[in-house]
Amino acid sequence: MSRSPLRPIAKVLRAREDGVDPALIEAQAKAKRMRKQRTSERRRAESRLILLALTFVMGFGAVGWKMALLAASEPEEPRTTRITVQIINQRADIVDRNGIILATNLATTSLFAHPQDMVDPVAAADGLAQIFPDLDAEDLLRVFLSERKFVWIKRKLSPEQHQLVYDLGEPGLQFGPRELRLYPNGNLAAHILGGTSFGREGVHAAEVIGMAGVELMYDEFLRDPANAGAPLELSIDMSVQAAMRRVLRGGMAMMGAKGAAAVLMDVHTGQIIAMVSLPDFDPNHRPNPPVSGDPADSPLFNRAAQGKYELGSTFKIFTAAIAMEEGIATPTTMVNTAGPLRWGRFTIRDFHNYGARLSLMDVIVKSSNIGSANLAREFGAQAQQDMLRALGFFDKLAVELPEARRSKPLIPSNWSELSTMTIAYGHGLAATPLHLAAAYAMMTNGGLRIEPTLLKDATLPSEEDRVISQETSDILRDMLRQVVVRGTASLAEVEGYQVGGKTGTADKPNPQGGYYDDKVITTFAGVFPTSDPQYVLVVSLDEPVEDSGLEARRTAGWTAVPVAAEIIRRIAPLMGIRPEYYDDETNPAVTLTSN
Amino acid sequence: MRGLLLIFGVGLVIFFATWAYRVNYRTQEAIARVDSLHHQISTERETIAVLRAEWAYLNRPERLLALSEKHFSILRLMPLHPGHFDEISRVAYPEVVPDAAISEDPLLNMLIAAAIAEIQEESE
């Protein structure tokens, strides 16, 4: 473009020649220049404004576009910060005191049919009958040809069965996920665990609900997802339970007994380390409750926690305790045992004639009914009732089993003097072996009240729960030891463990009235080691007979005691109790604290 | 100059837009991967539960008892009884002659001899 100079000399010279004022020319040029400048400035300003406007439009446009997008899309939670969700089973595990699994859930499948989708019902029915021997091919075929839209075939399948049914290739047979409750240890702790069944059943899941035992008692806890899968810890030790069941089963078979029960309890806390009731069942296939016959004969019946029996001479130790607490006797006090003792038209006899008098110690060691009855006459019904109430014989068991709901012992409605005398040697009051174990624990742990429990709960009782004094407890320990050293339970001697205990043989009541002549319930309530008691073992056999000798023997000393001795011999090393050897002369196991 | 700046600015915008696009899609992929990992974790947890149940079943007392009886000739396992416990002081120590040289280092030999003498004093 042509440059126009600031001072247009050519134009000025021409203007001078023409006679026009040159200042005009300069003014014209200046005006032209000014105009051009203004235009360019305006253009620049305009372009700046447009640029700015564009920027704002872009900014607001982007915001508006994003808003439009958000308004049009589905609402969704922010997913970049997801907390790890732990997949918890529907039902928590049950474990023993060492963490070994007693009950757990397993994911399996269930099998159902849609008859309307079936391609070949005949082949399907035959195939299923082959895989599952308990299903009938004709019944299945009838169902598959019917108008039903949905049929359950099997509620739990193993993986192998699943594969076999799948291989049939029938689209009308379908599977749904299911969790099943598995008890890996079979019959062990059957009465304690109880068993489960399915509640509401759907295709995608089924509710597992407890039916008995701890599964029913803690159903809410086991199903509560807020526990984050924490297992239920029982006080049971599974190896001890296994050993005890094995020995008890052998003993029951050897003695020809029709039932047996055993309880091992921690003396200081009341925790049940093992509890066996025979006959038992497999909780994986819990049998149906019996509809006829005596319910006490069914394997579902827990003889340790439900069975109420007259416990016999094992009660004499409570009589001795009451006598010592009331201050009417010491271990060396002579008690009248001249028999037979007559009260009205009733006669009380001893097993043998023990002479005219025995010391209190010997009343227990030799197990004299007459001696106990005479002591009871002295201290009276009120003292006896108070002590038995403190020992828990008037209430149902506090143990965590729903079967214990109706375990309140049978006590006489009219507690006459005769009742007092017979209850002193264990006849007239029917209680469970678990009641007896708890009472013996209270007698030998120093005199403090405990309650039987199945949970791993180590709370110790305090002085407020005192039932008998410490001195009385020590004397009772010595008495129980002497019963084994020189009394009716001499077969209970296990080397190294200073076993002490009391035997009890009670005739079984005849439903038609009176008692049977040749059927007994024998009990042995033992405590070991008596130098420092840790555990109470109660063994009870139903109708045992020891017939290895020339004549049949039915007393507890020959039946329940050997079984209990073998149990202690087997489980005390398992629990890590070190055998201690005492010499009666120089280093006796138990020393009398009062004379 | 202004034109260059403009081009540079536009270039920056393009760059940032591409970067945001890529980050967006990478995030979506990461979320999908997290989902699939959660699914895998739940499957693994189920497997662990099945294995624990299987382990408990294989370790049940009847089976272990049957196995120990079946292989008795090799294992010779018997139930524990009180006679299996004893005092540690009744375990016999091997006889050691204190003058015997155990190593070539005389200082070490002296230390070992002193230790043996101390143990024998304690056990008496």
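The values are calculated or read from the model by the stated rules, or taken from the named source; none is laboratory data. All of these numbers come straight from a predicted model, not from anything done at the bench. Methodologically, a virtual Cβ is constructed for each residue, glycine included, from the backbone with ideal geometry; neighbour enumeration extends over all protein chains shown. In case anyone asks, the SASA skips ligands and DNA or RNA and just uses the protein heavy atoms, side chains included. Shrake-Rupley method; radii C 1.70, N 1.55, O 1.52, S 1.80 Å.
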Residue within the stretch B:61-71 that is part of a helix (DSSP H, G or I), small (Gly, Ala, Ser) and more than 31 Å from the chain's Cα centre (by Cα) present: no
Selected residue [within 14 Å of chain B (Cβ to nearest Cβ) and open to solvent by 30 Å² or more (accessible area, probe 1.4 Å)] from A:GLU493, A:GLU417: A:GLU493
Only one of B:SER73, B:SER42 that is facing chain A (nearest Cβ under 7 Å) and loosely packed, with under 14 Cβ neighbours inside 10 Å: B:SER42
Residues of the stretch A:509-542 that turn out to be open to solvent by 40 Å² or more (accessible area, probe 1.4 Å) and within 26 Å of A:SER298 (Cα to Cα), as a count: 10
Residue count for the stretch A:180-199, restricted to those that are open to solvent by 20 Å² or more (accessible area, probe 1.4 Å) and under 22 Å from A:ASP96 (Cβ atoms): 4
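Condition check ((1) more than 30 Å from A:TYR581 (Cα to Cα); (2) assigned to a loop (DSSP other than H, G, I, E, B)) across all residues:
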position	(1), (2)
B:PHE15	yes, no
B:GLU44	yes, no
B:ALA53	yes, no
B:PRO79	no, yes
B:ILE119	no, no
Residue that is more than 20 Å from A:VAL263 (Cα to Cα), in contact with an Asp or Glu (Cβ under 8 Å, 6 or more places away or on another chain), touching a residue at least 60 places away in the same chain (Cβ under 8 Å) and of a type in the set (S, T, N, Q), where the choices are A:THR422, A:THR472, A:THR453: A:THR472
Any hit, the stretch B:47-58, residues being open to solvent by 100 Å² or more (accessible area, probe 1.4 Å), of a type in the set (A, V, I, L, M, F, W, C) and over 30 Å from A:ILE100 (Cα atoms): no
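Could you please let me know if A:SER298 is free of Cβ contacts under 8 Å to residues at least 12 places away in the same chain, open to solvent by less than 40 Å² (accessible area, probe 1.4 Å) and among the hydroxyl-bearing types (Ser, Thr, Tyr)?
Taking the combined requirement at face value, the residue satisfies it.
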Neighbours by Cβ (under 6 Å, 6+ apart or cross-chain): first from the stretch B:7-35, within 14 Å of chain A (Cβ to nearest Cβ) and more than 19 Å from A:ALA62 (Cβ to Cβ); second open to solvent by 70 Å² or more (accessible area, probe 1.4 Å) and of a type outside the set (A, V, I, L, M, F, W, C): B:ILE31/A:ARG79
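Name the residues in the stretch A:159-179 that are touching a strand residue (DSSP E or B) at 6+ places or on another chain (Cβ under 7 Å) and open to solvent by 30 Å² or more (accessible area, probe 1.4 Å), would you?
A:HIS162, A:GLN174, A:PHE175, A:PRO177, A:GLU179
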Meets criteria (of a type in the set (D, E, K, R) and more than 20 Å from A:THR109 (Cβ to Cβ)) for A:GLU207: no
Residues satisfying the stated conditions in the stretch A:92-110, i.e. facing chain B (nearest Cβ under 9 Å), over 19 Å from A:GLN241 (Cα atoms) and of a type in the set (A, V, I, L, M): A:LEU106, A:ALA107
Residue match in the stretch A:229-247 (condition: under 24 Å from A:PRO289 (Cβ atoms), open to solvent by 40 Å² or more (accessible area, probe 1.4 Å) and more than 14 Å from chain B (Cβ to nearest Cβ)): no
Filtered residues of the stretch A:449-471 (kept if touching a Leu at 6+ places or on another chain (Cβ under 7 Å), open to solvent by 70 Å² or more (accessible area, probe 1.4 Å) and within 12 Å of A:LEU234 (Cα to Cα)): A:LYS456
Helices (runs of 4 or more DSSP H) wholly inside the stretch A:180-292 containing at least 1 residues that are closer than 30 Å to A:GLU546 by Cβ: A:190-193, A:238-255
Qualifying residues in the stretch A:64-89 (those that are of a type in the set (Val, Ile, Thr) and surrounded by 10 or more Cβ atoms within 10 Å (Cβ to Cβ)) - the one modelled with the lowest pLDDT: A:ILE87
